[in-house]
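The values are calculated or read from the model by the stated rules, or taken from the named source; none is laboratory data. Quick caveat: nothing in here was measured; it's all calculated off a predicted structure. So basically every Cβ, Gly included, is an ideal-geometry build from the backbone, and we count neighbours across all protein chains shown. Remember, those area values only see protein heavy atoms, side chains included, never the ligands or the DNA or RNA. Shrake-Rupley method; radii C 1.70, N 1.55, O 1.52, S 1.80 Å.
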2 protein chains.
Amino acid sequence: MNIEKVITEKQKRAARYAKAMGHPVRMYVLELLSSQSCCYSGDLTEELPIAKSTLSQHLKELKEAGLIQGEIEAPKIKYCLNRENWKEAQFLFKQFLRI
Amino acid sequence: MNIEKVITEKQKRAARYAKAMGHPVRMYVLELLSSQSCCYSGDLTEELPIAKSTLSQHLKELKEAGLIQGEIEAPKIKYCLNRENWKEAQFLFKQFLRI
DNA sequence: ACCTTTGTTCGTAATTTTACGAACAAAATG
DNA sequence: CATTTTGTTCGTAAAATTACGAACAAAGGT
């Protein structure tokens, strides 16, 4: 009854993405990026009532989960969805939710 | 820049569901329930290599997020998806992921 | 060169999550 | 009525999450 044998890789990947989506601020960022292709974190700092260090942490989590990526456009950083992983997330949730 | 004004209720609901889905064990349970309409937590205890108290905690979280519900069928408890909220989750993720 | 802008990292703190075993509760079964 | 089955709750501990401000780093503008 090894955990590796019971829970599939797909389930783990889906859970990983879900976890990253599991905070209102991160959900906000993802939804923004899925609607407008990219944004600067400065915009987010202005819009969201959280410290920039906190936002930075949330963006880092989204990056580590593979859902977004940042591109330096000095002195700013342009964030976009990571299209490949976004597609995977779409696929996994589609299957999972049967939609 | 009130948090309530920036982040929508939908985003908060979606994040709440995502958070509940954000653990492999809970993902496993949800996927099982979406595939077979119901199960007994005893079955889960046998399948999953975790303490029954831990499983109970995960089921409680899924219940509190509104994704599942338990029905007493003494001495067991039968778990099913909460169809209404599951539909809402489907809807929210469908919108969010654009699928 | 200096200053401003932009964003990360660090240090810290409070809270939440995850996990376990032991104890407990409820109810069926012998 | 004692025992077994089933699952929750409690106590505890370790780790992760969330949040902030201060300090720092990088690079563009003056």
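Please list, by residue number, everything in the range B:62-76 whose backbone N is under 18 Å from a paramagnetic label point 7 Å out along Cα→Cβ of B:K87.
Residues passing the 18 Å test: B:66-69.
Given the pairs A:K94/B:K5; A:K52/B:K87; B:K5/B:K63; A:K10/B:K10; B:K5/B:K60, which are separated by over 32 angstrom at their Cα positions?
Check vs 32 Å cut-off fails for A:K52/B:K87.
Put the label 7 Å from Cα along Cα→Cβ for A:S35; what are its distances to the other copies, in nanometres, shortest first?
Reported distances to equivalent positions: 3.5 nm.
Put simply, what bits of the range A:39-53 lose 50 Å² or more of accessible area when the other protein chains are there, versus the chain on its own (1.4 Å probe)?
Residues losing area: A:P49.
So what is the relative contact order for chain A, in percent, with contacts set as C-alpha pairs under 8 Å and at least six apart?
Averaging sequence separation for qualifying contacts and normalising by length gives 29 percent for chain A.
Can you compute 3J(HN,Hα) from phi for each residue in the range B:31-47, using the Karplus curve 6.51 cos²θ - 1.76 cosθ + 1.60 with θ = phi - 60°, rounded to whole Hz and x for Gly and Pro?
My calculation for the range B:31-47 gives 5, 4, 5, 7, 9, 9, 6, 6, 7, 9, 5, x, 4, 5, 4, 5, 6 Hz in order.
What 222 nm value per residue comes from the helices of chain B, counting each DSSP H run with n ≥ 4 as -39,500 (n - 2.57) and dividing by all residues, nearest 500 deg cm²/dmol? It would help to have the intermediate numbers written out before the result.
On the way: 6 runs with 65 residues, N = 99.
For chain B, the value works out to -20000 deg cm²/dmol.
Mind checking the per residue accessible area of the protein assembly as shown for me, 1.4 Å probe, whole number of Å²?
Here the residues of the protein assembly as shown average 54 Å² of exposed surface.
Which order do B:S41, A:S35 take when ranked by solvent-accessible area (1.4 Å probe, heavy atoms of all protein chains), largest first?
Working: B:S41 35, A:S35 70 Å².
Per-residue accessible area, sorted high to low, gives A:S35, B:S41.
Taking H placed 1.01 Å from N in the peptide plane, check which residues at least 5 places from B:I68 or on another chain put their amide H under 5 Å from its amide H.
For B:I68, the qualifying residues are B:K63, B:N82.
Give me the accessible area buried between chains A and B, both sides summed, with a 1.4 Å probe, in Å² rounded to the nearest 100.
On the way: alone 6960 and 6970 Å², together 10630 Å².
Result for this pair: about 3300 Å² buried.
For the range B:47-67 and the range A:31-94, what is the separation of their C-alpha centers, rounded to whole Å?
31 Å
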